[in-house]
1. Viscosity 0.692 mPa s, temperature 37 °C: what is the translational diffusion coefficient of the stretch 286-425 from Stokes-Einstein with a Kirkwood Rh over Cα pairs, rounded to a whole number of µm²/s?
2. Quick one: with all protein chains in place, what share of the accessible area of the chain is carbon or sulfur, to the nearest percent (1.4 Å probe)?
3. Using Cα pairs under 8 angstrom and six or more residues apart, how large is the relative contact order of the chain, in percent?
4. Are any of the pairs Lys233/Lys361; Lys353/Lys438; Lys12/Lys39 more than 30 Å apart by Cα-Cα distance, and if so, which?
5. Using all Cα-Cα distances in the chain, what percent lands in each 20 angstrom bin from 0 up to the longest?
6. Using modelled amide H (1.01 Å from N, peptide plane; none on Pro or chain starts), what sits under 5 Å from the amide H of Gln148, excluding residues fewer than 5 places away?
7. Return the loop-located chymotrypsin sites (Phe, Trp or Tyr not before Pro) in the stretch 176-250 (DSSP other than H, G, I, E, B) with at most 15 other Cβ atoms within 10 Å of their own Cβ; answer none if there are none.
8. So in the stretch 120-236, what percent of DSSP beta bridges are antiparallel if you round to the nearest 5?
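The values are calculated or read from the model by the stated rules, or taken from the named source; none is laboratory data. Here the structure is a predicted model, which means the values were calculated and not measured. For neighbour counting, all protein chains shown are included, and Cβ atoms are generated from backbone atoms with ideal geometry for every residue, glycine included. Accessible surface is based on the protein model in full, side chains and every heavy atom, while ligands, DNA and RNA are left aside. Shrake-Rupley method; radii C 1.70, N 1.55, O 1.52, S 1.80 Å.
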Amino acid sequence: MSRIEDALKVAKETKALWIAPGILPEVAALFREQFPGRKAVIIADNNTCKAAGQAVVHFMTGAGVEQDAPFIFTDPELYAEYSYVDTLTGFLKNTDAIPVAVGSGTINDLTKLSSHLTGRPYMCVATAASMDGYTAFGASITADGAKQTFSCPAPQACLADIDIIRKAPPEMTASGYADLFAKVVAGADWILADMLNVEPVDRQAWDIVQGGLHDALSRPEDIRSGQADAISKFVEGLMLGGFAMQWSRTSRPASGAEHQFSHLWNMEHHLNNGAHVSHGFQVSIGSIAITAFYEQVLKTPLEKLDIEAACKAWPTAGEMDKTASEIFRGTDFPDIGLRETGAKYIDAAQLRKQLELLTGKWPEIRLRLEEQLLPYGEAKRRLQTVGAPVEPEQIGISRRRLRETFIRSQFLRRRFTVLDLAVRTNLMNQWLDGLFGKGGIWEIESD
């Protein structure tokens, strides 16, 4: 656990993280250590209450920890949406108890933001290895039709009982694996941004999330079968991803173009046969798509890029604004493209300098990207092994829509990713044709 201990030393909010099999009976000891003399209130939903919430209440009661009656979300359609934050915030305003979130992504994010809005720290008891947000700064909440990250502190303490996590539905574990795998391609995007002088790598954050990443992902078969040591290492990887975000106060260490796919589909209210698709499953398709896209990039001799042609094709600021305004016209988020694309726009002179840097450093950049990324075939095998989707149709996304997502999601965030490289080199269509044209991985048949 030395990597966890090292991360705790630089963490800005989380003071304790206990990960071990059979550790749930220690929940009261952890609470008392971090919140001496304070009252607790359990926050859960119907499922997480049965999985661990009732036991947490039992252990707290047995240890003499004063508690309010648990707050249980009963809506079967519960998700991380702001109306639920309002409900929980209203409840917490009437008590001074420390919230103890018992659950995974939704419960944790709702409790994290509600605790912040009512001016108190909170504690988390993880029930599934379904995402990396347990120890992350910020909560991902849908508000005004758009998925947004609200600034709020990570939990002061977190407990993860591996025996409980192993019993979580397998699709939740698969979802978490996909979210952790996304750090591979997100790391590649950060390498690009760093080497093109757009956004430097924060070495502390990089080491936290990337240091043991490939090791944590190396045993998909054992994770699928629930082997305790593999699950423990995997959970540690998820927690470290959160710590990296906590340190840097941004999701950059854990999120790149692959997450922009997920954000876009959420904002477009995508459903698969009438059901919501989990964040991890969306990110699985995003990760496999960006991995395949990177293979198109890496086989291109960018040291020979026609810089003149790329600069000639580059739109003016006004032209870019017009395109950005049009691309999301008629959606719930019509202005986001204009705002986000404008924030990362560079003029033709700046573009020329950036592309000259790219061509001059391409052999070095390509080598670093190859060291970071897994081949498409291996990425697909690992994700498939844990039970995550690897074909867009598995989550109700057509091949045409997947191709459009590459284009649309580039307008969604100001963060520099491989999609921005594609636009600035004027090679987006060439690389997409390699994936969706004749003989491509997702060949689209002519009408």
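1. This corresponds to a translational diffusion coefficient of 195 µm²/s.
2. That share works out to 49 percent.
3. With pairs under 8 Å counted, the relative contact order is 16 percent.
4. Lys233/Lys361; Lys353/Lys438
5. 26, 56, 18, 1
6. Distant-sequence amide H within range of Gln148: Ile141, Thr142, Ala143.
7. Sites meeting the loop and neighbour criteria: none at all.
8. If we restrict to bridges inside the stretch 120-236, about 55 percent are antiparallel.
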